[in-house]
Amino acid sequence: MIVLLLLLFCYLLYSLILYSELPVKLYSKNKEGEIGKLVWQKYNCNSCHQLYGLGGYLGPDLTNVYSSRSKEYIKSFLMNGTATMPKFNINEYEINSLIQYFRSIDNSGKSDPRIFRIKTDGTIE
Ligand code: HEC
């Protein structure tokens, strides 16, 4: 009986430690970001780009594009295109919403597995 109680205690303590450290709480919802998600779907950016590693593989993963590139950089890609990325007939409002969407995605974590560090309890940092 004592052993069972001890196991239960350890289980609860471990769960508490594990779940109190989840990065999910960093995810901030914002209205413009939600519209940005619709813009992302409208132009089917996912056919060539990935978020969290999921999507098409013609273009790069954009999960952390908000912190690794400037807003002007993202904007110029959308307005001018490149040899391999099409130029979109997209307005200023849609671009800003997309950038807000990228911001909320970026806040939710890192997509590149090479930069993760495995902690002693098996979770990643
Ligand atoms: C037909 C495929 C295709 C579609 C659709 C597409 N892209 Fe791209 N995108 C690319 C390719 C390929 C690159 C890399 C181009 C290069 O470096 O010349 C790229 C690059 C980018 C970059 C620069 C990334 C970096 O870190 O350098 C951003 C930002 C971007 N795309 C955003 C978008 C958004 C937002 C959409 C939807 C509105 C979109 N793309 C739709 C193919 C696509």
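Roughly speaking, to the nearest percent, how much of region 28-112's 1.4 Å accessible area is carbon and sulfur? If you can, show how the numbers build up before the last one.
Working: 2800 of 5050 Å².
Solvent-exposed carbon and sulfur of region 28-112 make up 55 percent of the total.
Along each principal axis, taking the top coordinate minus the bottom one, the Cα set of region 29-101 gives 31, 25, 24 Å in descending order. For the chain, modelled as a GNM whose springs connect Cα atoms under 10 angstrom apart, the maximal fluctuation among LEU98, LEU12, LEU58 occurs at LEU12. Given bins 5 angstrom wide, list per bin the percent of all Cα-Cα distances in the chain, short to long. In whole percents, the pair-distance histogram is 2, 9, 15, 20, 15, 10, 8, 6, 5, 4, 3, 2, 1, 0.
What full-extension length gain, to one decimal in nm, is calculated for LEU7 and SER68 as 0.36 nm per residue of separation minus the Cα-Cα distance?
Working: separation 61, 0.36 × 61 = 21.96 nm, distance 4.43 nm.
This chain segment gains 17.5 nm when fully extended.
If the segment from TYR14 to THR123 were pulled out straight at 0.36 nm per residue, it would be longer than the present Cα-Cα gap by 38.0 nm.
To the nearest ten degrees, helix 2-20 and the longest principal axis of the Cα atoms of the chain are 20 degrees apart.
Rounded to the nearest 10 degrees, the inclination of helix 71-80 to the longest alpha-carbon principal axis of the chain is 40 degrees. In this rough spin-label picture, where each label sits 7 Å from Cα along the Cβ direction, the ASN89-GLU21 distance is 5.2 nm.
For region 28-112, lysine pairs separated by 8 or more sequence positions, or belonging to different chains, with Cα-Cα distances below 21 Å total 17. Between LYS37 and ILE115, the simple spin-label model (points 7 angstrom out along Cα→Cβ) gives 2.3 nm. Our note on the geometry: Cα centres of region 39-55 and region 77-125, 10 Å apart. Dipole magnitude for region 28-112: about 80 debye, using +1 per Lys or Arg Cβ and -1 per Asp or Glu Cβ, origin at the Cα centre.
Which residue, VAL3, ILE90, ASN44, has the largest displacement toward the positive end of the dipole of the chain when charges sit on each Cβ (Lys, Arg +1; Asp, Glu -1)? The one lying farthest along the dipole's positive direction is ILE90. In the context of the full protein assembly, GLU32 retains an accessible surface of approximately 70 Å², using a probe radius of 1.4 Å and ignoring ligands and nucleic acids.
The values are calculated or read from the model by the stated rules, or taken from the named source; none is laboratory data. Every value quoted in this text rests on a predicted model; they were computed, and no experiment measured them. Heads up, the Cβs are rebuilt from the backbone with ideal geometry, glycines too, and the neighbour counts pull from every protein chain shown. For the accessible areas, the whole protein counts, side chains as well, though only heavy atoms, and no ligand, DNA or RNA atoms are used. Shrake-Rupley method; radii C 1.70, N 1.55, O 1.52, S 1.80 Å.
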